[in-house]
Each structure stands twice: as structure tokens, then as C-alpha cells.
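Asker: Handing you this structure, nothing more for now.
The values are calculated or read from the model by the stated rules, or taken from the named source; none is laboratory data. Quick caveat, the model's predicted, so the values are computed rather than measured. All Cβ positions, glycine included, derive from the backbone under ideal geometry; neighbour counts span all protein chains shown. Side chains are part of the model used for accessible areas, which takes the heavy atoms of the whole protein and leaves out ligands, DNA and RNA. Shrake-Rupley method; radii C 1.70, N 1.55, O 1.52, S 1.80 Å.
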Amino acid sequence: MKHVITLNVNGDPYAIAVNPWQTLNEVLRENLNLTGVKLGCGEGDCGACTVIVDGRAVSSCLSLAVEMEGKKILTAEGLAPTGETLHPIQEAFIDKGAIQCGFCTCGMEMSALHLLTKNPSPTESEIRESIAGNLCRCTGYTKIVEAIGAAGEKMRESSERKSS
Amino acid sequence: MKEFSIVGKHVPRNDARAKATGTAVYTDDIKLPGMLHGRLLRSPFAHARIVGIDTSRAEALPGVKCVITGEDIPKVKYGNWRLFPETQDEYALAVDKVRFIGDEVAAVAAVDLDIAEEALGLIEVEYEELPGVFDIDSSIKEGHPVIHDYCPTNISVDRKIEYGDLEKAFAESDYVREDVFTVHPVSHAYLEPCSALAQCDLDGRITLWTSTQVPYIIQCLLASTLEMRENDVRVIKPFVGGGFGGKMELRAWEFCAAFMAKKTGKPVKFTLSRDEEFLAGRRRHGMKLYSKVGFKKDGTLTGKDFRVYLDGGAYNAMGPTATFLCGNFGAMLYRYPSYRYLGEHVYTNKPPASAMRGFGAPQAIFATETQMSIAAEELGMDPIELRMKNAQVSGDEITGFATISSCGFKEALEKVAEMSGWKEKRGNPKEGRGIGIGCYSFISGGAFNWFNTQYPYSAAEVRVFDDGTAHLLTMAADIGQGCDTALKQILAESLGLKMEDIRITSADTAMTPQADLGAWGSRLTLFNGNAVLDAAEKIKSKLYGAVSARFNMNVIHDFECKNGRVFPKGKPDRGLTFGEAVAMVQKAQRGEPLLAHGYYTPRDKGLVTPAFSFGAQVAEVEVDKKTGIVDVKKFWTAHDCGTVINPRAAEGQLEGSIQMGLGYALSEQFIMDGGKTLNTNFLDYKMPNAMDMPPSEVVHLDTYEPEGPMGAKEAGEGLAIPTAPAIAEAVFNATGYRCRDLPITPEKILKAIEESESEKGGSKSTMK
Ligand code: FES
Ligand code: FES
């Protein structure tokens, strides 16, 4: 029996009929064609599928779609909605050379967003801890950690500018 | 060093934006109308005869569109060594027999994945189990079960190298050292699981999108297994989420997608699960290596006897190449006046081992480097001093192999010693701390042609336009390492254009020029870079002609393309913009578009490689003697990759290599129960995460490779080699535990500390 769930993804409302065993990952990838959500393991181990659900970073491959009723979901596609100006996290990943094959990138960015929203000035070890659930086989994480630090700085600057 | 304007600069990858915004499309992201979803049925037995397969219940399941087994497919075996057809030992689906747990037996295509998965459970296979062999020794011992009928010995390939008088060398040595090393298999663990999508075109031809490092090889082998002509198969490589050697052969799902697309007339897609990747995926070869080296009292090497058994698993895969290369890697880094190698590739009933970053070198050089450190200890020399004494230098010829045209090895040794504070730290050891060195040399890149291509190894087409832009077409496969960007940089530099002036189309076998052997053997920078330069030179000579004619220049003038202009070097004011010059040529050619083909095939450079990279790495560790846990404090690396085309990309290769090397040394391994892989997920496989990574410092040495494009050579694979031996030596320095069997585990360290006896197990040395 399919259930219809209503949810908000990247600012847009959707009503989708899902099977009880279907994951959020499947809905985002298969129903909504969001390629910024990857499937690297399907077991909660790699973080490539990370999205933000109501402000928290979660593994979309472990989240059941039926539990998403009324939730607000953000994926990499929603980071820079107009596509013109990128989010500071995306900019930093590009500038710092934090992207190689790119398969871990979107998940990393979502974990970074989660961290920087909670903790605008993280230490290096806090950054490392925040992405400990996001595996990368290409970069050795060095430039990813640098990028997250740089993005945090930029985000702080722009929020200070706004508040002053 | 030559000054460049784009090469050697921090240029962001051309695909970074697409990847950062989630718009980059990987194979599994592609959906076509009417597409079916495929799943593979795999063998639960390590070695068994297939008595019969009943697919009728699966076929009857509503939604199932196609079920195939080995019975249904053309009986064409494949493998990458086309030059030696007897080594091609694999069918896409098992015929008569299965040889490892996970061997592909049948395939289902259905309207959705759930139905395909359910159908797998309805296929009934009757097996007759056979005795299996799970390690090298039992596979080659008298009375062993035979895995492939064509190969009664279970040794599928061997390779010998011999030069110099080894027996004499040993007899005249003051010190001879013999050791046995074992190294374990590890996983590529690329983040993107393999995926393939095939479509049967309206004219009956096949298009395959696949997560591969070798589009051309897939095109050829798919054509042969489908019994089609090569040009009737088009292979497109979308974005690929890492390969590291694990995506360089035709695989069952690529064949099944294409075969079933032909059969059903619908597109068919297969994507592997992570569990399948670990259970049945390719892996780095486990090996057993016997090494005997001789030295004079002063540390001069006299010779080496190197005997290697490769645990190949159930099929050859890329094992023959690894067997071959191991022999070359054994003779690299140091000057061996005499050398003997025998490598044997042994079948076992385990998932096939294949190419993985370093392709035989991480294993061979782990043995070389560990033995050098042991010898230094016994000769009473500093490990770096012993290496300096024997290091290869530019101009050295390795017998029957190649001449080293550029070599920064000694500089690398000096540099890492200085950066790491080697003398001070070795001289004043702190309790529980240790420091060790590991070195590497690697091919740049693989020059062998066992694939037997009749095309150039690398090719490029460059089209230029009167709006001042250019289009580069190449079959080179960017799998994350960044060759699209590097090749664009090389072209931009050569034509004097900006990065944004260049469009690139890559890795589509129907659109890009024939051919390209693929992303392996650290080929791309040097081979494809040279092909790009070749095409660019042809374009430039036309442009120069046009500008010369336009300004009525004396023939002695030399020209240059720079900053978007084409002009005589001596009279820079007399020139045209790039676009104007192109327009002039087109006018002169009465409309014919201006394009050029370039190619590169190394000739006269030996059969292995036209150039070599070198480097050295120091690791510092702290070992907790109560728990045996190794904490790597820092790495220092100095490497010679020639001209650095893209510094961030080169650093990224090193940083990623360290992650892989750290895992290889300390944490990653397959837990096997006979032929069954037990740890089939990331959690239990234990590759290093962001918290496990130590800090690291690097120096790119200033060297210039005459054979390389703008002086460049490889930086992608060699760097994966030194980390394990560097850590092993540091652990020895800290604890007295000498690792001869990777990985280094707390249990092994504790046991060694307990026995507090460092030298043991299959090793002996004689000092005269
Ligand atoms: S795909 Fe969800 S954690 Fe790996
Ligand atoms: S960039 Fe390839 S997995 Fe992270």
C-alpha cells in the first residue's frame, strides 16, 4: 500500500506516493531526479547521501520516506537555488581543490553546512569530527577540511556584514 | 624552470562547479525512457560445477523482461591481454563452472529493481560443489584442485628477467640478506559503485554509458563478446566516482546491460550494491615475495634475486600485467648490477585480484624498501645513507627495460631528511616514537601493448575557431584525477589561450579520436599531454604561416602564441588575435575548417615506460606499547613528477595516496573465511576517515622530464607506494617490531614486543 507524503525539498512542495520500505534517498534520486544526492553504500556508512532534514544532517539512505511527512529537506541542489551565486561552501570546495571524483562532495557539503550553522568558527578537529561519517577515497580529506574552514570564515564575514 | 602562464598555476578543475552543485551526472544518474533495471545472480560457492539452471519461475514473474545465463550468451572469452588469447579466461556469465563466491551466474532485467531482486530469488541453480583452494601454497601443491581446465598447474602466467652474473655477485658480496614478505589484498573502495547503462540504437548499434577508466578497451571487448564490429559499439564515460584500477576491464554487468538491451530493445541499467563491490569486487594482489640481496661492506648493492607469487584469485583480470610489472618494479629505485626475477600468477578460488594504484609496485617496493632498511641496520648504516649510496640517477640504464631520462631521487632523499629532522630524531630516539623512510619510483606511463591496439596509444583532436576559441577532443578518461583539466591547461598554454576559451569533449569512443588505452599505468599526463601538444603544434604552424604572409615577414622569423595573440617573437606588435589568425587560415583554405590530429605512442623508449617518477617519504609514529596501537604523527614527502601541471591536483594525488597507503599499512584488509569475504561494508572494511589522517608536508622537486609534455610526468600512482614501508620502518624504529607481513596490526606488535625478538620468520643473513 502506498502512502502519499507531502514534503518540502529545496523550497518546493511535493506530494509523493511511496511504499513503506522506500528510503528518502530513493525518493530524492528516483522521484525527484536530484543527482546531488548520491548512493555510495545504502548502509549509513559513507555519507555520500547526506541531506539536511529540518536543520539536521542525516543519511538519506537510512531514512524512511514515510517519516518525511511535513519535513523540510535541503540537498546540494538547494544550496545555490538560482545557480548563479554559489554558496560559500561550494565556492570554497572549488577554490581549495577539495573536489576530485566528486562522488563524496555533495554529502560533504551538507555535513559542512550542518556544522557551520551550529558552530560558525569550528576548530580543525571539530571540522574533522563533523565529516568523520563522510568517506572520501580521493582527497585524503586535507583540502576538504581546508575548504570547510575557509567557508566558515566567509560565512562569518558575511553575517557580520549583515548585522553591522 | 621554464615560466608558464597556465601550466603550474592554481587552476580550478573544469568540472568542480558541476560536482559542487550536484549537477554532474554519473552513470547511475542517467535514466532513459522505458529503461529496465538489471540485477546479477552470484555464486554462493567458491568452486562448483553448474549442473543445471532453471529460470522459468523468474521469467514468469510479472515485470520480468529478460533472464539470461551463461547458456544464452556467445561463448567468447575476454581479458585485456588480447595479444595472448590463452590468458583471456573469463565469460561474462559462468559457463559450466563457478570459481569464486560472487562469480556472476545469471542476470535479470525487470521493470523495477524490487522485481529484479525478487526474480533473482526465483532462479534455481543446482551446483555440485568442488574442493577449492584459497591460498598460494595450497593452489600449487601436488594434487591441488584445478581451477581452469586449460591451466592444470594453476599458474596462469609467469615472467622471468635475468641480467648480470647473480651467483658471482652473491659469492663476492660481504653481506647477503634473504627475506620472505607477504602482503595482503585491499579494496579500491572508490565511492561510486560500478554502474552501466546500455541502449540499443535505432540502427541496431549499441551505446553503453559506464563507470570505467578504459572506454576504448570496453568498446573493443564488448564488441568481441557481442560478436559485433568495434565501431558498432559506442562507449561513453560519464563522470566517474573514482577507479584506482578497479574499473579497467570489461565486466559482467557491462556485457549484460548491452546484451539484454539488444534482446529486449529497451535500455538496461545495472548498478552494483556496496555489498557486491566488497564481496566480489576486484582487489589489489596479495603476494608472497622472496627477496635476496647482496651488498659490499660499504653498502654497495651487488645483486638481487626476486621471486614473487601473486594470489590472482579466480581469473587473470589484470594479473598478468601485475606479474610482469612486479619484475620491473623490483629493479627500480636502486642500481642492481645483477638481477633475477621470477613472477608467477596463481589462481585461487577467491575474487579476482587486479590492477590497483601502483599495479604491483606497492607490494614489490614494500619488500625492497623494508629489506633496504633491514640491511642498513645490519650494516650499521643510516637507512637514508644506504639509499643515497645506491640510488638511481638520471642517465642510468636499467638493463632490458629503459633509460632514466630524469630522476630527482637523491634530491628527494636529501629533502625529506631535512624536512623531517631525520638526523636529530634518529639520533635521539624518544620512548615509543619512531621515524622511518619509504621511497618509490614509478612508470610514467605504461608503454606495453598487450591489448594489441593498432591505434596510437593516445590521440587528440584540436579544432580552432575564428571567435578565438578551441575545442579539444580526447578519449582520455577523467575518473576524478583531473586529466580533463590538465589537458586543457596544456592546450591553453600551448595555444596562448585562456582556460575558458577551451571546450573539451572526452571519453566518448564515437566522438573522440581513436584511440586511448585508458586511465592506468600513469599514462595520461605524459601520453595524452604529448598528443595534445602534437595537435597544437600542427595548428600553430598554420597560424604562423598566415600571420607571416599577412605581414610579409622575412622567413627567418619565429612565432609565438600568447595572451590570445599570434605574433613574430622579434616583432610582437605585428600580430593578429588568435581568432583573426584562424580566420586568415580559413580564408586561405577557402572555408576548410582548421583542425589537427595529434597522437603519441612511445617508440624507442623500451617496452615498459618512457619515463620514471621518483620520491621519498618519511613517517613519524608513536606506538602505545600497552595496546600496540600505532599513531602516525606526520608525513613528509618530496617527489619528482617533473613539471607540475596543476599544483593542487598534484597535492590532491599525494593526500589521497597517503589515505590509501595509511589504510594499506594499518587498517584495511579483507577478512576471509576460505573463499568468502566477511567484511562487505565500509564499517568493517575500515578505511581511514578524516579523523584518522595525520598532517603532512610536501615538496615538489624542480625537475624537467625531456620526454614529458612541458617537462611533466606522473603524480598519480607512485605516491601510493612509499607510505606502507615508511610506517613499517618507523614502527620498527619505535618498537623493534619488523613487519614482513602487512598489515601492521596491534596484535603483531604486541606479540613481537612480548617475544622481544625482532628478527625472525623465514629470514636469514650472512655477514662475511
Ligand atoms: S549511501 Fe547513505 S551513507 Fe552511504
Ligand atoms: S572526491 Fe572522490 S570520493 Fe571524495
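Asker: Output the direction-averaged projected area (hull surface divided by four) of the convex hull of the alpha-carbon atoms of the range B:1-122, in nm².
Answerer: On the way: hull surface 56.0 nm².
For the Cα atoms of the range B:1-122, the hull's average projected area reads 14.0 nm².
Asker: Report, in listed order, any pair from B:686/B:751; B:141/B:764; B:19/B:415; A:38/B:247; B:19/B:562 with a Cα-Cα distance greater than 28 Å.
Answerer: Values: B:686/B:751 22 Å; B:141/B:764 25 Å; B:19/B:415 36 Å; A:38/B:247 19 Å; B:19/B:562 31 Å.
The answer is B:19/B:415; B:19/B:562.
Asker: Another one. With the crude spin-label approximation of a point 7 Å out along Cα→Cβ, what separation in nm comes out for residue B:72 versus residue B:629?
Answerer: Going from the residue B:72 label point to the residue B:629 one covers 5.2 nm.
Asker: A further question follows. Count the lysine pairs in the range A:41-144 that are 8 or more places apart or on different chains: how many have C-alpha atoms under 29 angstrom apart? The partial results should precede the final answer.
Answerer: Numbers: A:71/A:118; A:72/A:118; A:96/A:118; A:96/A:143; A:118/A:143.
Taking the range A:41-144 as the scope, the lysine pair count is 5.
Asker: Applying 1/(1 + (r/R0)^6) with R0 = 30 Å to the Cβ-Cβ distance of residue B:32 and residue A:3, what FRET efficiency is obtained, to the nearest 0.05?
Answerer: Details: r = 28 Å, r/R0 = 0.95.
For residue B:32 and residue A:3, the calculated efficiency is 0.60.
Asker: Restricting to DSSP loop positions (anything but H, G, I, E, B) with no more than 13 other Cβ atoms inside 10 Å of their own Cβ, which GluC sites (Glu not before Pro) remain in the range B:30-115?
Answerer: Working: sites: B:59, B:71, B:86, B:90, B:104; in loops: none.
For GluC sites (Glu not before Pro) across the range B:30-115 that sit outside H, G, I, E and B with at most 13 neighbouring Cβ atoms in 10 Å, the list is empty.
Asker: What number results when the radius of gyration of the range B:225-284, computed over Cα atoms, is divided by 2.2 N^0.38 Å? Present the calculation step by step, with values, prior to reporting the outcome.
Answerer: Values: Rg = 13.2 Å, N = 60, 2.2 N^0.38 = 10.4 Å.
Expressed relative to 2.2 N^0.38 Å, the Cα Rg reads 1.26.
Asker: Sum up the charges of everything whose Cβ sits under 9 Å from the Cβ of residue A:94, counting Lys and Arg as +1 and Asp and Glu as -1, but leave residue A:94 out.
Answerer: Details: positive: A:96, B:13, B:17, B:19; negative: A:91, A:95.
Net charge around residue A:94: +2.
Asker: Of B:84, B:621, B:504, whose Cα points farthest to the positive end of the dipole of the protein assembly as shown (charges on the beta-carbon: +1 Lys, Arg; -1 Asp, Glu; origin at the Cα centre)?
Answerer: Farthest towards the positive end: B:504.
Asker: Give me log10 I(q)/I(0) at q = 0.14, 0.15, 0.25 Å⁻¹ for the range B:480-529, Debye formula, one equal scatterer per alpha-carbon, no solvent.
Answerer: Computed log10 I(q)/I(0) values: -0.37, -0.43, -1.07.
Asker: To check my understanding: the extent here is largest minus smallest coordinate of the Cα atoms along each principal axis. What are those three numbers for the range B:569-699, in Å, largest first?
Answerer: 79, 39, 33
Asker: Same structure, new question: Please compute the modelled spin-label separation between residue B:452 and residue B:423, points set 7 Å along Cα→Cβ, answer in nm with one decimal.
Answerer: Output for this residue pair reads 5.8 nm.
Asker: At a 1.4 Å probe radius, carbon and sulfur cover how many percent of the accessible area of chain A? The partial results should precede the final answer.
Answerer: Working: 3490 of 6840 Å².
Looking at chain A in its full context, I get 51 percent from C and S.
Asker: Another question about this same structure. Between A:13, A:122, A:88, which gets the highest mean-square fluctuation from a Gaussian network model of chain A, Cα cutoff 10 Å?
Answerer: A:13
Asker: Same structure, new question: For the range A:126-164, which residues drop by 40 square angstrom or more in accessible area between the chain on its own and all protein chains together (1.4 Å probe)?
Answerer: Residues losing area: A:128, A:132, A:135, A:137, A:138, A:140, A:141, A:143.
Asker: Using a 1.4 Å probe, what is the accessible area per residue for the protein assembly as shown, in Å²?
Answerer: Values: 33470 Å² over 932 residues.
I get 36 Å² per residue for this part.
Asker: R0 = 25 Å: FRET efficiency of residue B:335 with residue B:297, Cβ-based, nearest 0.05? Write down the numbers at each step before the final one.
Answerer: Details: r = 17 Å, r/R0 = 0.68.
Result of the calculation: an efficiency of 0.90.
Asker: Still on this structure: More than 37 angstrom separation, counting every C-alpha pair in the protein assembly as shown; what % is that?
Answerer: 48 percent
Asker: How big is the range B:74-198 along each principal axis, measuring the range of its Cα positions in Å and listing the largest first?
Answerer: Dimensions of the range B:74-198 along the principal axes of its Cα atoms: 72, 38, 29 Å.
Asker: Another question, if that's okay. Could you work out the equivalent-ellipsoid semi-axes for chain B, taking the square root of 5 times each eigenvalue of the Cα gyration tensor, largest first, in whole Å?
Answerer: On the way: eigenvalues 336, 296, 99 Å².
In descending order, the three semi-axes are 41, 38, 22 Å.
Asker: Let me ask something else about it. Could you work out the percent of alpha carbon pairs in the range B:315-449 separated by over 22 Å, rounded to a whole number? Please report the intermediate quantities before stating the final value.
Answerer: Working: 4136 of 9045 pairs.
The calculated P(r) of the range B:315-449 puts 46 percent of pairs beyond 22 Å.
Asker: State the percentage of accessible surface on chain B attributable to carbon and sulfur atoms; use a 1.4 Å probe and exclude ligands, DNA and RNA. Don't skip to the answer; put the middle values down first.
Answerer: On the way: 13250 of 26630 Å².
Here it works out to 50 percent.
Asker: Still on this structure, I have one more. Using the basic label-point model (7 angstrom from Cα toward the beta carbon), what is the residue A:72 to residue B:471 distance in nanometres?
Answerer: Calculated label separation equals 4.5 nm.
Asker: Another question, if that's okay. Let me understand the range A:88-163 better: what is its radius of gyration from the alpha carbons, and its Dmax, in angstrom?
Answerer: Reported Rg and Dmax, both Å: 11.6, 40.
Asker: Debye calculation, C-alpha points only, no solvent: report log10 I(q)/I(0) for the range B:411-508 at q = 0.10, 0.25 Å⁻¹, in the same order as the q values.
Answerer: The Debye formula, applied to the Cα set alone, gives -0.55, -1.28.
Asker: Tell me what the protein assembly as shown gives for mean residue ellipticity at 222 nm when only DSSP H runs of n ≥ 4 count, each as -39,500 (n - 2.57), the sum divided by the residue total, rounded to 500 deg cm²/dmol. Please report the intermediate quantities before stating the final value.
Answerer: Values: 24 runs with 259 residues, N = 932.
Mean residue ellipticity at 222 nm (helix-derived): -8500 deg cm²/dmol.
Asker: Does any residue of the range B:631-667 lose at least 20 Å² of accessible area with all protein chains in place compared with its chain alone, and if so which ones (probe 1.4 Å)?
Answerer: Residues shielded by partner chains are B:648, B:652, B:655, B:656, B:659.
Asker: Here's another thing I want to ask about it. Take the Cα coordinates of chain A, assign each an equal point scatterer, and use the Debye formula without solvent to give log10 I(q)/I(0) at q = 0.10, 0.19, 0.20 Å⁻¹.
Answerer: Per q value, in the given order, log10 I(q)/I(0) is -0.36, -1.18, -1.27.
Asker: In addition: Over the alpha-carbon set of the range A:3-78, work out the extent along each principal axis and list the three values in angstrom, largest first.
Answerer: The Cα atoms of the range A:3-78 stretch 29, 25, 21 Å along their principal axes.
Asker: Pull up the cross-link candidates among the lysines for residue A:2, meaning alpha carbon to alpha carbon under 18 Å and not fewer than 8 places away within one chain.
Answerer: none
Asker: For chain A, with a Gaussian network of springs between Cα atoms less than 10 Å apart, report the residue from A:51, A:66, A:145 with the top mean-square fluctuation.
Answerer: Its mean-square fluctuation being the largest, the pick is A:66.
Asker: Per Stokes-Einstein, at 10 °C and 1.306 mPa s, what whole-number D in µm² s⁻¹ belongs to the range A:1-45, with the Kirkwood radius over Cα pairs as the hydrodynamic radius? Intermediate values should be presented prior to the final figure.
Answerer: Details: Rh = 11.4 Å.
Reported coefficient: 139 µm²/s.
Asker: Length gain on complete extension for the stretch residue B:149 to residue B:560, per 0.36 nm per residue less the alpha carbon to alpha carbon distance?
Answerer: 141.7 nm
Asker: Kyte-Doolittle cut-off -1.0, length cut-off 30 Å along the helix's own axis using Cα: show which whole DSSP H helices in chain B pass. List each step's numbers first, then the result.
Answerer: Working: long enough: B:529-550 (31 Å, -0.04).
Length and hydropathy pass: B:529-550.
Asker: Which one, B:106, B:125, B:166, is farthest towards the positive end of the dipole of the range B:87-193 when Lys and Arg carry +1 and Asp and Glu -1 on their Cβ?
Answerer: Value: B:166.
Asker: Also, I was wondering about something else. Report the GluC sites (Glu not before Pro) located in the range B:342-395 that are in a DSSP loop and have at most 13 other Cβ atoms inside 10 Å of their Cβ, or state none. Don't jump to the answer; show the numbers that get you there.
Answerer: Working: sites: B:344, B:369, B:377, B:378, B:385; in loops: none.
Filter output for the range B:342-395: empty list.
Asker: In whole angstrom, how far apart do the alpha carbon centroids of the range B:477-533 and the range B:536-604 sit?
Answerer: Their Cα centres are 21 Å away from one another.
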